[in-house]
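Okay, so here's the structure we're looking at.
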Amino acid sequence: MARREPQSVEHRSVIITGAASGIGRAAAALFCRAGARVAMVDIQAEALAAARAEISSGNPSDGALAPIALAADLSCNADLTRVVAAVRSAFGCIDVLINNAGLLMGGRFEQGDPERLQALIEVNLCAPLRLMQLVLPEMLERGSGHILNVTSSSASLGVPGYAVYAATKSGLMSSSRVLRRELAGSGIHITLLCPGSTATPMTDAMVRFGRGTASQPHHPPEVPAAAMLDAVRRPREAIIVSSRPRSQAVISWLDRIFPNMMDRYWARQIADEDYFECATRAGR
């Protein structure tokens, strides 16, 4: 089958959440260099302003545009509405929504902080759902648009110590699959992206306190960011970014076909209380 010709992102308006650092920041820089009109969204106002300034002050290629920065609390519905209205006011429309922002929570489920649990659900799941609700009407009216949701292998692998995080990512994955079917033929694309083990501020603690593969980020944020840009240029349903795709595929297959065997594997891993202590410290 012939490879699909890439679509231009030049002058297309793009919202990227969690854009002050990590994958979101790298994606904002790439989309700007590709000529897109980018709205960077994050709760960390100072870090967001610094990221925007750095992207704007670089040596842009021809056609590159400076992004706008919108500080917002994604757990606040009023802020979400304000962000979408501000982007429409600045750019006239919204072509692409990238739900990238995320929080992490680790440790024994029953010992988790209830406020952190609520925040995780609000930011990782409720905010993406609400943002999709806010942008879909205009996309449907126009007959075009792209929504890219960042998920995680935790959504399918059942890794102990991350029950709430996995629940939010599983919810986002399932809702994306449902919406893809609801929107079939509408001209709107829904893409799921699993960024793999990436060196970001959120995973920094996992690297410092984690064990095994959790202590070894495999690629910089620019790698999944480039996959995001390519997914918008060449729409597809799902992308898994991994430096070890075969081993990840084997683990996923084993978890589906031989769940009891994987249960025994994880039982050995969590036999030492240090396992959950590492997860707790990594997920703060």
Within the group Ser243, Ser247, which residue is touching a His at 6+ places or on another chain (Cβ under 9 Å), at pLDDT below 90 and either of a type in the set (Ser, Thr, Tyr) or under 17 Å from Cys194 (Cβ atoms) (or both)?
Ser243
When segment 260-284 is examined, which residues are found to be farther than 19 Å from Gln111 by Cβ and either touching a Lys or Arg at 6+ places or on another chain (Cβ under 7 Å) or in contact (Cβ under 8 Å) with a residue 24 or more places away in the chain (or both)?
Met262
Of the candidates Leu104, Leu97, Leu125, Leu80, the one satisfying the condition of being within 23 Å of Ser153 (Cβ to Cβ) and part of a helix (DSSP H, G or I) is Leu125
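The values are calculated or read from the model by the stated rules, or taken from the named source; none is laboratory data. Nothing here was measured: the structure is a model prediction, and the numbers come from that model. Here Cβ is always computed from backbone atoms with ideal geometry, including for glycine, and neighbour counts include all displayed protein chains.
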